[in-house]
Each structure stands twice: as structure tokens, then as C-alpha cells.
Amino acid sequence: MRALRVFPDEEGHFNEALGDRELLVVSQFTLYGDTRKGNRPSFTDAAKPGDARPLYERFAERLDAQRGLFGADMQVELVNDGPVTVMLEL
């Protein structure tokens, strides 16, 4: 999975792999918020914690990544060099 090319090269094409970069995996169910029916997001389609935690752990393990605390309210500082969102099927 570290061969996944998600970083731009000098020409702006996604040709640079994750490689040996340090990674932090943070659970974020809010990415699955649905606002089609109003102004307040619905998270009913997000995986329940009992289903989501094993996926989170498996994902972090396969990437040999550091982990945040699953389900915790965390303050994370980062530089988001994007915008890119990638859906991965494991």
C-alpha cells in the first residue's frame, strides 16, 4: 500500500508514492456526513464503532502508521497539501 502514488511530482502529476514518509491515521467518521436532507449532517450511514474500529486498525497496520485515538475528540495540527480525498477499498 505504500506504493500508492498520491503525491505530486515536479509536473504536478500524482507520481510520488507514500514510500517511507511518516503517517498518522486518525479516525474521522464526519467524512461520511450526509447533508442531502437538511442543514444538519446525518451520520446514520457511517460504520458503527464496533465495525469501524477493526477497519481503522487494519488500515493503520497495513500502512505501518502511527495511530490517533479511535473515536476520540483530538486536536490535530497539520499542513493539508491538497485538496485530495482517496477512497481505498481494502
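Of the residues making up the range 32-90, those that are under 28 Å from Gly12 (Cβ atoms) and among the small types (Gly, Ala, Ser) are Ala65, Gly82.
Taking the stated definitions as given, is Gly71 over 27 Å from Phe7 (Cα atoms) and either in contact with a Phe, Trp or Tyr (Cβ under 6 Å, 6 or more places away or on another chain) or assigned to a loop (DSSP other than H, G, I, E, B) (or both)? For Gly71, the condition - over 27 Å from Phe7 (Cα atoms) and either in contact with a Phe, Trp or Tyr (Cβ under 6 Å, 6 or more places away or on another chain) or assigned to a loop (DSSP other than H, G, I, E, B) (or both) - is met. Every condition in (1) at pLDDT 90 or above; (2) in contact with a Ser or Thr (Cβ under 9 Å, 6 or more places away or on another chain); (3) open to solvent by less than 60 Å² (accessible area, probe 1.4 Å) is met by Arg53 except one, and the failing one is (3).
Quickly run through the range 15-50 and pick out the residues that are over 18 Å from Met74 (Cβ atoms) and open to solvent by 100 Å² or more (accessible area, probe 1.4 Å).
Of the residues in the range 15-50, the ones over 18 Å from Met74 (Cβ atoms) are 15-21, 34-42, 44-45, 47-48, 50.
Matches in the range 15-50: Asp20, Arg36, Lys37, Asn39, Arg40, Thr44, Asp45, Lys48.
The values are calculated or read from the model by the stated rules, or taken from the named source; none is laboratory data. Here the structure is a predicted model, which is why all the values come from computation and not from measurement. Ideal geometry is used to build each Cβ from the backbone, glycine not excepted, and the neighbour counts take in all protein chains shown. For accessibility, only protein heavy atoms count, side chains too; no ligands or nucleic acids. Shrake-Rupley method; radii C 1.70, N 1.55, O 1.52, S 1.80 Å.
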